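A short worksheet on the structure shown next.
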Amino acid sequence: MKNTALLQKHLDANAKMVPFAGYNMPVQYEGVNVEHETVRKAVGVFDVSHMGEFFLRGPKALDLIQRVTTNDASVLFDGKAQYSCMPNGKGGIVDDLIIYRISQEEYLLVVNASNIEKDWKWIVSHNTEGVEMENASDRYSLLAIQGPKAAEAMQSLTLVNLSEMPYYTFVRGDFAGFSDIYISATGYTGSGGFEIYVPNEAAPQVWDAVFAAGASFGIKPIGLAARDTLRLEMGFCLYGNDIDDTTSPLEAGLGWITKFTKDFVDADALKAQKEQGITRKLVAFELVERGIPRHDYPILDSNGTEIGKVTSGTMSPSMKIGIGLGYVTKEHAALESPIFIAIRDKGIEAKVVKLPFYKK
């Protein structure tokens with residue numbers, strides 16, 4: 001079990017630690033609902049240092065990225081980030097990721113913790129033109145500072161004008177007394193904020209500075225449990241739950257990051273799938289009756305026939321109702337369609353809704 005550079009900070013804050021993706025990670029501090037509300041209304045800090053960081057460098061770096069990802073990275077400019085995914089050659093997804101263009105010949109790819117080794121091998125297997133690759137995952141710590149007060153709370157730590165950074169852009173600048181820090185206007189919560197990439201040796205000092213700067217804004221440490229409820233309220237996919245090696249980007253509602261204006265792994269197969277039409281679709285649903293949907297609970301039609309499975313589900317801390325995502329047959333995927341979630345052998349009524357669940 002690996003530890004992040006911030007382990008002692010979590011122990012000092014009485015975090016409940018759990019194994020996650022090979023790391024010892026804080027799942028909660030005060031409690032999920034309190035932490036969730038802190039991010040929705042003020043500002044909270046996640047240690048997500050378990051995420052993977054790959055640098056790709058050289059004149060053919062973009063060509064390699066274009067080949068292994070579905071989105072069109074050629075539209076990126078220096079300081080711009082992009083959400084994308086890597087198809088696996090069999091119609092499924094290797095991983096979803098964020099691509100950062102540092103310069104014309106240097107990119108940073110941020111991948112999921114559980115997939116670091118798999119992703120690395122996959123990209124290496126397609127690196128036929130000598131792109132320089134560096135797996136820097138063990139060198140970097142990542143702090144996600146999220147919430148509507150994040151920019152104001154962190155402004156004293158940097159000369160970068162945080163409030164003027166557009167969504168999905170990043171800069172390399174000063175932060176908390178350190179130079180050359182990647183400050184990214186990205187996140188996984190839907191409440192705004194930043195992700196700060198720092199060398200491991202700087203992480204404890206940066207953590208302390210962040211909490212000192214945010215003290216008057218009600219800043220709190222936030223665990224992985226609230227990270228999950230926050231992302232689910234926005235309908236953001238979680239790899240291993242909502243997308244995996246068996247789900248296509250089109251089935252998962254990721255057609256918007258699947259660009260057929262270029263050639264990439266699985267392009268022909270996915271194009272054919274788009275033309276023929278998908279047979280199942282990832283939908284969002286809200287429970288009409290009381291209950292909490294959980295991962296792998298069966299989804300039923302009105303006759304009690306199984307038509308799919310829940311991939312992610314929870315009691316929404318913001319809305320106080322059961323919400324979830326799941327794959328259902330195409331004929332049950334239309335908005336407002338009645339479906340039923342099998343909870344303790346009883347079909348609990350739900351309806352298909354439009355994302356996000358949480359409206360600001």
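The values are calculated or read from the model by the stated rules, or taken from the named source; none is laboratory data. All values reported here derive from a predicted model rather than from experimental measurement. Positions of Cβ are generated from backbone atoms using ideal geometry, with glycine treated the same way; all protein chains shown enter the neighbour counts.
Scanning the stretch 341-356 for residues that are more than 19 Å from GLY235 (Cα to Cα), free of Cβ contacts under 8 Å to residues at least 60 places away in the same chain and of a type outside the set (Asp, Glu) yields ALA342, ILE343, ARG344, LYS346, GLY347.
Residue pairs whose Cβ atoms lie under 9 Å apart, separated by 6 or more positions or on different chains, with the first residue in the stretch 183-208 and more than 15 Å from LEU108 (Cβ to Cβ) and the second modelled with pLDDT under 95, are GLY190/LYS360; SER191/LYS360. Those strands (runs of 3 or more DSSP E) of the stretch 132-185 in which 2 or more residues are in contact with a strand residue (DSSP E or B) (Cβ under 7 Å, 6 or more places away or on another chain) and of a type in the set (Phe, Trp, Tyr) occupy 170-175, 178-184.
When the stretch 240-288 is filtered for residues that are under 30 Å from PHE340 (Cβ atoms) and among the hydrophobic types (A, V, I, L, M, F, W, C), the ones remaining, listed by number, are ILE243, LEU250, ALA252, LEU254, TRP256, ILE278, LEU282, VAL283, ALA284, PHE285, LEU287, VAL288. Summed over the stretch 111-143, residues that are of a type in the set (A, V, I, L, M, F, W, C), in contact with a helix residue (DSSP H, G or I) (Cβ under 8 Å, 6 or more places away or on another chain) and under 25 Å from VAL34 (Cβ atoms) total 1. Answer yes or no: is there a residue in the stretch 255-275 that is part of a strand (DSSP E or B), crowded, with 18+ Cβ neighbours inside 10 Å and modelled with pLDDT of 95 or more. Checked against the condition, which is being part of a strand (DSSP E or B), crowded, with 18+ Cβ neighbours inside 10 Å and modelled with pLDDT of 95 or more, the stretch 255-275 yields no hits at all.
Could you go through the stretch 57-68 and let me know if any residue there is within 18 Å of TYR188 (Cβ to Cβ) and either among the acidic types (Asp, Glu) or outside any loop (DSSP other than H, G, I, E, B) (or both). No, the stretch 57-68 contains no residue that is within 18 Å of TYR188 (Cβ to Cβ) and either among the acidic types (Asp, Glu) or outside any loop (DSSP other than H, G, I, E, B) (or both). Selection of the stretch 123-173 for residues being under 24 Å from the mean Cα position of the chain (by Cα), on the phi > 0 side of the Ramachandran plot and surrounded by fewer than 22 Cβ atoms within 10 Å (Cβ to Cβ) yields only TYR168. Scanning the stretch 309-326 for residues that are surrounded by fewer than 22 Cβ atoms within 10 Å (Cβ to Cβ) and not basic (Lys, Arg) yields a total of 7.
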